[in-house]
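Please read the structure below before turning to the comments.
The values are calculated or read from the model by the stated rules, or taken from the named source; none is laboratory data. These figures come from a predicted structure and were not determined experimentally. Heads up, the Cβs are rebuilt from the backbone with ideal geometry, glycines too, and the neighbour counts pull from every protein chain shown.
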Amino acid sequence: MSERLSARAAAGFATLLLIALLMAANHVSARLAFQHGVDVPTAVTVRSLGTALVVGLLLHWQQVPLALNARQRKALPLIGALIAVQSLWLYSAVARLPVALALLVFNSFPLMTALWARVLYQHRPERTVLIAMPVILLGLVLALDVLGAASGLGAAGQWHQIGAGVAFALGAAATFGLALVEVAAYKLPDSSTLLQPRVLAKTELLQRTLLMGPSGPVTLQQAAQAEDASDPSPASRAWFQTFWAAYLTKLRLDDPALVPAEPAKSTNQFIPMPPGGASAWVSAYVAQSSGKGGVYLTFAKAFEPGLEWYEQLQADAESIEREVGAKLQWERAGDKVYLGVPTVALGDLNAPADRERVTAYLADMTRRLVGALKPRLEAMSAADK
């Protein structure tokens with residue numbers, strides 16, 4: 001086993017080294033082309049067409065399906081436009097600066113990625129990134145000779161010479177960083193990687209003050225058992241239907257086909273999840289006996305891969321919780337598993353303010369949980385076929 005891992009690690013390192021060499025050769029070749037009269041748009045077009053051809057052949061060779069869902073169709077043109085602008089600006093920098101300097105400035109894109117993640121998703125940079133930021137900036141200051149001391153040109157002369165190239169390189173870094181923020185990477189069961197584009201959207205965080213009720217925490221298993229045992233009266237069914245109708249008006253999913261056509265008439269509202277066929281679902285619930293509500297994912301007992309899929313999701317818990325924006329509950333009871341968001345105190349659901357607050361929270365958490373889990377479950381389903 002260790003020998004196999006060592007071989008894979010060596011292969012991975014060799015692949016990364018090859019990519020680095022190809023990247024370096026790409027920009028050195030571009031600079032040579034510019035020196036022989038090729039303009040930037042022509043160079044970008046040739047590179048893009050060559051890349052598209054190679055990627056198309058690889059997709060065909062690996063038999064990767066090209067079907068796109070609504071979320072991907074919306075996001076991919078934007079990501080493609082960002083990469084096109086990045087390519088034009090980076091080649092413009094290479095045409096004006098020494099290749100090494102242009103790439104050094106462009107490789108500040110991890111800083112740009114962290115900034116975009118903060119602006120768009122309120123994601124706080126990790127401590128290591130915060131430590132690296134001033135080091136990277138100091139390195140850029142020294143490499144660019146911002147005061148013109150090394151060149152003897154002075155600050156004004158130095159920036160007159162390199163200003164346009166640096167601006168293009170920084171612009172390329174900013175657009176590339178934005179494109180990276182809008183692409184999520186998921187690890188498949190066979191150790192390959194799935195790239196899932198996000199939709200540009202700023203997550204709105206809801207203010208909530210209480211996650212625990214006076215009767216103690218409700219487990220996800222208890223919520224599911226209450227769901228199974230519930231047999232509401234006609235009056236209760238009408239009440240739940242009104243409550244879930246208010247929830248559905250607030251529910252916004254990337255795949256509108258998942259939004260239920262009718263509000264539920266009991267304690268739980270279900271959202272089907274991959275692979276379909278009642279094998280997996282997300283359930284929003286209100287447990288009035290404990291005064292709490294929440295959202296969870298579970299699998300049918302008859303769905304054999306359920307435990308394995310749950311373990312794969314749990315192994316990726318840190319990334320999932322980062323995308324959802326909350327610490328999740330992970331529960332396993334025999335052959336049943338549950339993955340849920342923090343609970344919310346119900347208060348008086350007949351009071352308009354409490355009903356508005358709870359339905360908004362459940363709809364928002366449903367959107368986040370479905371958005372984080374659906375592409376992962378789709379990847380697992382595709383890998384099992």
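Check whether at least one residue in the range 325-338 is at pLDDT 90 or above, surrounded by fewer than 18 Cβ atoms within 10 Å (Cβ to Cβ) and among the hydrophobic types (A, V, I, L, M, F, W, C), and report yes or no. Looking for residues that are at pLDDT 90 or above, surrounded by fewer than 18 Cβ atoms within 10 Å (Cβ to Cβ) and among the hydrophobic types (A, V, I, L, M, F, W, C), one finds at least one in the range 325-338, hence yes.
Selection of the range 88-107 for residues being surrounded by fewer than 21 Cβ atoms within 10 Å (Cβ to Cβ) and within 30 Å of the chain's Cα centre (by Cα) yields Leu88, Leu103, Leu104, Asn107.
Among the residues of the range 305-315, just one is exposed (fewer than 14 other Cβ atoms within 10 Å of the Cβ) and farther than 13 Å from Met380 by Cα, namely Ala315.
State yes or no: is Tyr361 part of a strand (DSSP E or B) and assigned by TED's automatic domain parsing to the domain that holds Trp239? The answer is no for Tyr361. Close Cβ contacts (under 8 Å, 6 or more residues apart or on different chains) running from residues in the range 242-262 that are at negative phi and surrounded by 14 or more Cβ atoms within 10 Å (Cβ to Cβ) to residues that are among the β-branched types (Val, Ile, Thr) and in a loop (DSSP other than H, G, I, E, B) comprise Leu248/Val259; Leu251/Val259; Leu253/Val259; Asp254/Val199. Looking only at the range 286-313, which residues are in a strand (DSSP E or B) and of a type outside the set (A, V, I, L, M)? Result: Lys292, Gly293, Gly294, Tyr296, Thr298, Phe299. Using the structure shown, decide if Ala81 is surrounded by fewer than 18 Cβ atoms within 10 Å (Cβ to Cβ), part of a helix (DSSP H, G or I) and within 24 Å of the chain's Cα centre (by Cα). It is true that Ala81 is surrounded by fewer than 18 Cβ atoms within 10 Å (Cβ to Cβ), part of a helix (DSSP H, G or I) and within 24 Å of the chain's Cα centre (by Cα). Restricting attention to the range 10-44, the residues that are free of Cβ contacts under 8 Å to residues at least 12 places away in the same chain and touching a Ser or Thr at 6+ places or on another chain (Cβ under 6 Å) add up to 0. Name the single residue that is farthest from Phe243 (Cα to Cα) among those in the range 340-366 being in contact with an Asp or Glu (Cβ under 8 Å, 6 or more places away or on another chain) and of a type outside the set (Gly, Ala, Ser). Only one residue tops the list, namely Asp364. In the range 339-361, of all residues being in contact with a helix residue (DSSP H, G or I) (Cβ under 7 Å, 6 or more places away or on another chain) and either crowded, with 19+ Cβ neighbours inside 10 Å or of a type in the set (A, V, I, L, M) (or both), the one that is nearest to Gly306 (Cα to Cα) corresponds to Leu339.
I want to confirm something. Restricting to the range 23-73 and keeping residues that are of a type outside the set (A, V, I, L, M), closer than 30 Å to Gly371 by Cα and not in a helix (DSSP H, G or I), which single residue is modelled with the lowest pLDDT? So the residue we want is Asn69.
For Leu346, state whether it is under 24 Å from Leu248 (Cα atoms) and under 21 Å from the mean Cα position of the chain (by Cα). Give the derivation first.
Values: under 24 Å from Leu248 (Cα atoms): yes; under 21 Å from the mean Cα position of the chain (by Cα): no.
Answer is no for this residue.
Of all the listed residues (Ala317, Ala257), the sole one being assigned by TED's automatic domain parsing to the domain that holds Leu377, under 22 Å from the mean Cα position of the chain (by Cα), at pLDDT below 90 and under 19 Å from Lys374 (Cβ atoms) is Ala257.
Residue by residue, here is whether (1) closer than 25 Å to Ser279 by Cα; (2) without any contact (Cβ under 8 Å) to a residue 60 or more places away in the chain; (3) not aromatic (Phe, Trp, Tyr) holds:
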residue: Thr343; (1), (2), (3): yes, no, yes
residue: Leu349; (1), (2), (3): no, no, yes
residue: Ala353; (1), (2), (3): no, yes, yes
residue: Ala363; (1), (2), (3): yes, no, yes
